[in-house]
Structures are given as structure tokens and as C-alpha cells.
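Worksheet: one structure, shown below.
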Amino acid sequence: MNTLLRTIACLLFLTYVLYSSAQNFTIDYPIYQNRNSEALEISRIERNDTATILYMDAYSRPNYWIRLASSLSLYGNQTGKNYSLIRSQGFELDKEIYMPTSGNVTFTLQFPPLDPQEETVDFMESSNERDFQIKGISLNTQKKEGKIHCHISGEVVDSPQSSRLVLIKAHKNPSSAPWLSIPIRNGAFEYDFYTDQEEVYEVFIWNDMINGSWMPAFFFAENGPVSFTLYPASTGKPGVTRTKNPLTCELQQLETERNNKFNFDSLYAQIDKLYKENRFESEALQALWKNMEQVKDNVEERNKIYRERDRLEESGEAYTEDAKVLLEEIKQLNQKMNQWTIERIKQHPSLIGLYVLTSKIAIARKGEDISPYLSVYQNIFASRYPEHPYSKEMKILIENGQPKVGNPYIDFSAPDLNGKEIKVSEHIKGKIALIDLWASWCGPCRVNSKQIIPIYEKYKDKGFTVIGVAREQGSDADMKRAIQKDGYPWLNLIELNDTNQIWMKYRIPNAAGGTFLIDTHGIILAVNPTAEEIESILQKEL
């Protein structure tokens, strides 16, 4: 009998130890499946047998507010249990909390202890998709995803209000491409970054991003530490990258050679001088900016002004004669630099060269000829790096050709709001169609789309249709709100996290959107036409 009691006591003790060890641990920067807003971040989870504590950061523009409901809970995906919020410390719930100059408030949320079976939980303000949700938060402290481990550290100088960094693939748009958030504490930051591919990333100050201008520092994702010194955009200083990692060092060497050979400082100094003397922009362009000040928040009028600005630039009427001379010199020097760069990477083909080709295409200006870069890729790099993500982007560009007037449009598939996959060619067959690539966060895109509504209603029974595709990141919640508010009556599809590479196929990888008018035979009639131009074409064609 004594032996049986000892056995039971031993089992009870082991159960307690296992339960306690399962419950007592800390998770820094937990990974998650998806979220519907970048305004909330979880920097740490402390889990023990008495409580679950989430260390949180709220972010928004200074003087903008965030509201969190006291109905917050965690939902256990393994057990189906709900864990209601016990208390908040540092953030008053059910109240509009205005952000300070940093745009950041740090606080903690306490929940009951989680069942040991829980491996992932959902952070839910409510079941309403408009409320804050972070789904699939991993509770596994051992899970490190990625073959490459890059330890990131550094400091932010001359910007005590800076609260976090953006870590994103180089030359991607943070409004449409996923990015990681790195908190800045007392001017310093540290982060363990994991990934599977050697690609170039950039880091920059989030506070600058929300103001529309930032100064990034670049690095290759590779095993080993990398440190940065970052400056706010207002200083005009580029970020500094320090590392002994070979790919990043090779990229820096190429940039140093190029900068030493092609110096733009004198030309830019002359442009600054013309600006200060009010002799850079033409009177017509200056008049536009005065009109812009008058219309202020009238998005439709601002959109008209931007279109007129584009017309002035295309016609050569936007700048003074002195400015045109300088701009032409810069253009010529750029062409020489690009030619030198192409020859350099042809002589020293490596992953650096492949990155340079893709980056040249990513930052190419409207109408710029990218065929030299595609040719070098096909002749030298395609066989060397057939499976690299950069090669996949280049193949998309080559296979789909240039979407311009007179060329066939590019067919694609994307899900509708119910998740059903729709092939564009099947939807627009036999009709004149407008493919409207837009985004919920793009004001001009939405103005253009709303202006099409009366034209659609007028011609929809005469052989005209519209198909909208929204470029979104994280979730479709913002897109759905935009459709409901703006009232788009046509079929809308979603391009979530650039899954189908639709913007790349249409050679506008960093644009918010674009419109393409297609005839009944699938030939492009117009690119980015105005509402008036669309109606004029429809009157002739229909």
C-alpha cells in the first residue's frame, strides 16, 4: 500500500512539474499568421501558471487616437477556450488615447493562465473584422523559421521621438508588402531576423515613413551580425550599414566604386540654387501648387492637379530652361552610370548583379526602357540563379511583355470577396473592359474609381464592364470598407500580399494602382485614361 501511495505521489509531482514547466516561459517577438492592422504590436509574451501577460506597443501618427475595448480576449486555437482580459496597465481601455510625439504608447495586458495544450492563440478585440485582430500567435519558444539568421542591432541618432523601425525587402512598398516592426528603446534597437533566401532588405525609421519620406539602410540577409546607424529624413543623411558579411560587403564595394566614378553633387547643388532663387519650376507648375494649397483636402481637385502636373512634365512645360539643361545633364550622367553598372555586373556576375538588375527595374521611371536589364538577365543570370526569388520576378516581366497601347493585356486570376478564384479573361470575354488596379490606401486610385461609376452604369448594358483588383496587405478588411463607402458596383478581386504578382506583371511593382482599357479582342486601348477619355472611346467603340 505504501508503494502505491508513493507511486501516486510521484505521478502527481511529475504532473505538477510538467504543468509548471509548460506554463513558465517568455516569448520575445512572437510570430503570427496574420493581423488586420499594423497599429498594434506584441513584443513579448510572459506565460506562467498564474497569468498570461502581453507586452504591447500601440502606434499611430502623433495626435491621432487609438481605442481598445475592455472586451479584449485571447482565443485558444487548440482548446477553443476564451481568456478574457483581466487588466490593462499603461493604456486606458474604452477611451480614445491620443498618440504622443513618438506615435507610440507601450503598455501591458494581463489575461488568465493559458491551458498547457494551447500552441497558438488569437488576439481578438471582437469578432467584428473592423476591430483589432492578431491571429495564430505562436506560443512555441523554440520555433525559429528560416535557414538564415541575421542579428540586427544599432542606434537612431538625432531623433529621440523615433519609436520603431520598418524592416522590409528592398524597394518594396510598405503599404502593400509585408514588413517587420522593430521597436526602438532609448534610441537603440536589436532584433534576430530569420529568413530562407539571400535577398536585400532595407531598414528605416517608421516615424519618417508616416510622413512620406525616409532614409533607408540596405543589407543582404545572410548569416552573421549587421549593425546600423540611422538618421531621420530631415537630416538628409543616409543610413550607415556595418558588417563583415560577404554579400553586403560586396554590395557596398560596388556602390562605393559607382559613387566615386559618377558624382551628382555639383548638379544637385545647382538645382538647389535654382530652387532657392525660384528659377527651377515653370510659372505653370508653380500656379498648380498654389491651386493645391487652395483645394486642401478636396481629393478630386487634387487628383486633377496631379494629372495636369504629369501633362506638364510629359510636354516639357514643367520646368524653366535653366532647369531643363540641368535635368538633361543628370539624365545623361544617369545613362552613363547605368551603362557602366551593366558592364560591371557582366564582368563580375554574382548574386549582387542579379539584385542590381531587379532593383533597377523596381525604381525605373515611367516609360523608362528596361529591356537592357532583361537582356543581361537572360544572357548571364538566368542559368546561374534559376530558382532565386529575383529570377522569378524577372521571368514574370519577360513572359508578360510590356502592357502598352496596341499590345495584348495580361490575363490573371485572383479571388473575389468570397474567396472564389476568378480568371479575368473569362469575365471580360467579348466586352470592352477596364481593369482597375487600385488599393484602399490610395486616395487618387479611389477618386478615379468613383469617377468611373456613372460611366459603368451608362454603358454596362452596351458591352462595357469593369473589374477591380485591390492591392492589400494583411487582410481584406480595409478593401471591403472602401468598397462599401465608395459604392463600386462591379466585380472586385483582391491581390493580398502580392500573391499573384499582378502589379509585377503589369510592370508597376511599386505603384499603388493603374487602369487599362481593353477592347473586345484583348488589345489595350488606353493606359491610365481619364473618365472623359474612357467615355470618348466607348462612344466610338460601342
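The values are calculated or read from the model by the stated rules, or taken from the named source; none is laboratory data. Note that this is a predicted model, so its numbers are computed, not measured. Every residue, glycine among them, receives a Cβ derived from its backbone with ideal geometry; neighbour counts consider all protein chains shown. For the accessible areas, the whole protein counts, side chains as well, though only heavy atoms, and no ligand, DNA or RNA atoms are used. Shrake-Rupley method; radii C 1.70, N 1.55, O 1.52, S 1.80 Å.
Ignoring ligands and nucleic acids, what accessible area does residue 86 show with a 1.4 Å probe (Å², nearest 10)?
90 Å²
How much space per residue, in cubic angstrom, does the convex hull of the C-alpha atoms of the stretch 71-206 take up?
Each residue corresponds to 154 Å³ of Cα convex hull volume.
Report for the stretch 407-541 the percent antiparallel among DSSP-assigned beta bridges with both residues inside it, nearest 5.
50 percent
Over the C-alpha atoms of the stretch 407-541, what are the Rg and the largest Cα-to-Cα span, Dmax, in Å?
For the stretch 407-541, the Cα radius of gyration and maximum Cα-Cα distance read 13.7, 41 Å.
Might you tell me the accessible area per residue for the stretch 216-298, computed with a 1.4 Å probe and given in Å²?
Result: 60 Å² of accessible area for each residue.
Apply the Karplus parameterisation 6.51 cos²θ - 1.76 cosθ + 1.60, with θ equal to phi minus 60°, to every residue of the stretch 286-302 and state each ³J(HN,Hα) to the nearest whole Hz, in sequence, with x for glycine and proline.
Going residue by residue, I get 5, 5, 4, 5, 5, 5, 4, 5, 6, 7, 6, 8, 7, 5, 5, 5, 4 Hz, with x marking Gly and Pro.
Return the ratio Rg/(2.2 N^0.38 Å) for the stretch 148-247, where Rg is computed over Cα atoms only.
Its radius of gyration relative to the 2.2 N^0.38 Å reference: 0.99.
Under 1.5 on a/c is rounded, so check that first for the stretch 278-319, then, if it is not, pick prolate when a/b is larger than b/c and oblate when it is not; a ≥ b ≥ c are the square roots of the alpha carbon gyration tensor eigenvalues.
Here the stretch 278-319 falls in the oblate category.
Let me know the Kirkwood hydrodynamic radius for the chain, please, with Cα pairs as the basis and the value in Å to one decimal.
By the Kirkwood definition, the hydrodynamic radius is 26.7 Å.
Please report the orientation-averaged projected area of the stretch 253-363, defined via the convex hull of its C-alpha atoms, in nm².
9.0 nm²
Between the DSSP loop rule and a limit of at most 12 other Cβ atoms within 10 Å, which trypsin sites (Lys or Arg not before Pro) in the stretch 336-442 are left?
When the trypsin sites (Lys or Arg not before Pro) of the stretch 336-442 are filtered for loop state and at most 12 Cβ neighbours within 10 Å, 365, 366, 404, 420, 429 remain.
Report residue 465's accessible area, 1.4 Å probe, all protein chains in place, as a number in Å² to the nearest 10.
Rounded to the nearest 10, the figure is 10 Å².
Based on the Kirkwood radius over alpha-carbon pairs, what is the Stokes-Einstein translational diffusion coefficient of the stretch 209-297 at 20 °C with 1.002 mPa s viscosity, in µm²/s?
My calculation gives 128 µm²/s for D.
If you plug each phi of the stretch 215-228 into the Karplus form 6.51 cos²θ - 1.76 cosθ + 1.60 with θ = phi - 60°, what whole-Hz ³J(HN,Hα) values come out, in order, with x for Gly and Pro?
10, x, 10, 10, 7, 7, 6, 8, 5, x, x, 9, 10, 9
Rank 471, 279 by accessible area, highest first, at a 1.4 Å probe radius?
279, 471
Going through the stretch 371-425, which GluC sites (Glu not before Pro) have at most 14 other Cβ atoms within 10 Å and a DSSP loop state?
Qualifying residues, ordered by number: 387.
For the chain, what % of the accessible area comes from carbon and sulfur atoms, probe 1.4 Å?
48 percent
Each residue of the stretch 244-260 in order: what ³J(HN,Hα) in whole Hz does its phi give by Karplus 6.51 cos²θ - 1.76 cosθ + 1.60, θ = phi - 60°, with x for Gly and Pro?
10, 5, x, 5, 5, 5, 5, 5, 5, 5, 4, 5, 5, 4, 5, 5, 5
Could you count how many Lys pairs in the stretch 266-400 have their Cα atoms under 24 Å apart, skipping same-chain pairs fewer than 8 positions apart?
Close lysine pairs under the 24 Å cut-off: 26.
Which Cα, out of 347, 282, 264, lies furthest along the positive dipole direction of the chain (beta carbon charges, K/R +1, D/E -1)?
347
Per-residue accessible area for residue 333 at 1.4 Å probe radius, Å² rounded to 10?
Roll a 1.4 Å probe over it and residue 333 shows about 40 Å².
Can you give the accessible area per residue of the stretch 407-541, in Å², using a 1.4 Å probe?
Ligands and nucleic acids excluded, the figure is 42 Å² per residue.
Leaving out same-chain residues fewer than 8 places away, which aspartates and glutamates sit with a Cα under 15 Å from that of residue 147?
Within the straight-line limit of under 15 Å, residue 147 reaches these aspartates and glutamates: 192, 196, 198, 199, 222.
What does the accessible area per residue of the stretch 25-138 come to in Å², with a 1.4 Å probe and no ligands, DNA or RNA counted?
For the stretch 25-138, the solvent-accessible area averages 47 Å² per residue.
By a straight-distance test (C-alpha under 17 Å), which aspartates and glutamates pair with residue 505 as possible cross-link partners, with residues fewer than eight away in the same chain excluded?
Excluding near neighbours in sequence, the set is 368, 369, 393, 399, 411, 436, 472, 495.
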